[in-house]
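Comments concern the structure below.
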Amino acid sequence: MRLQLALSALLLLVSAAPSPAADGDAPQPDRDGWYQLFNGKDLTGWKLSRENQDSIRVENGAIVTNGPPCHAFYDGPVENHDFKNFQWKCEIMTKPKSNSGMYFHTKYQAEGWPQQGIEIQVNNTHGDPIKTGSLYRLKNIMNDAPAKDNEWFTQEVIVEGNKVTVKVNDKVVNQYTQPEDLKREPGWEKAIIGSGTFALQAHDPVSEVHYRKVMVKPLP
């Protein structure tokens, strides 16, 4: 009888205790509401497009994009990787003549340039005249980049409804409000504000771009 009572008490304690695995899997924001999307060690929570997967790697605590086109899509648990309004920021370092991009409101695509969502350009000295901070082909910053190669800088994207604000090193460099009746040109019909996940781009073999401290703060 005593043994049965002891076993029953033990079972009650076990069932009442929180599950370490469940708690460990649940993403937790910091005190200001920011979630880390990249753990600094590997691509857990990210899904690479099937082509040229060697173009994206983790090195010295950063996601490095360097090689033929490939994209890393956030596929983790925060907001079930489906975001509408948010602040999203990374620390970035570009090597000379490099091109990359931060996509938002996109979705996983196995091949090719993402068709859905908007690219925020990362390009300080690449030959493309559309520079860092641009909403690619929607509202461009031409020729003069607001950041420098070989230096870490922060690029932040804030989306609230149909309004996008881009900050570089905490300074507003671009703002855009999507018209209600916007119709994109052929081939770009889905490159609009909507909802979806994030992606980082490997653009070409000459381009080398490093991303670290990839963070998001969901907004109402």
Checklist outcome for this item: Rounded to the nearest 10 degrees, the helix 2-16 long axis (Cα) sits at an angle to the longest Cα principal axis of the chain of 20
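Please report Cys70, Cys90 as a ranked list, fewest other C-beta atoms within 10 angstrom at the top and most at the bottom. Please list the in-between numbers first.
Numbers: Cys70 21, Cys90 27.
Lowest count first: Cys70, Cys90.
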Checklist entry - Given (i) 38, 20, 16; (ii) 31, 17, 16; (iii) 32, 21, 14 as candidate values of semi-axes √(5λ) of the Cα gyration tensor in Å, which corresponds to the one derived from the coordinates? => result (i)
Checklist entry - Where in segment 84-103 is the amide nitrogen less than 12 Å from a point lying 7 Å along the Cα-to-Cβ axis of Asp149? => result 94-99
Next on the checklist: If neighbour count is taken as other Cβ atoms inside 10 Å, put Thr197, Thr44, Thr106, Thr154 in order from fewest to most.
Outcome noted: Thr44, Thr154, Thr106, Thr197
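Where a number appears in this text, it was derived from the coordinates with a stated rule and is not lab data. Given the structure is predicted, the values throughout are model-derived calculations rather than measurements. All Cβ positions, glycine included, derive from the backbone under ideal geometry; neighbour counts span all protein chains shown.
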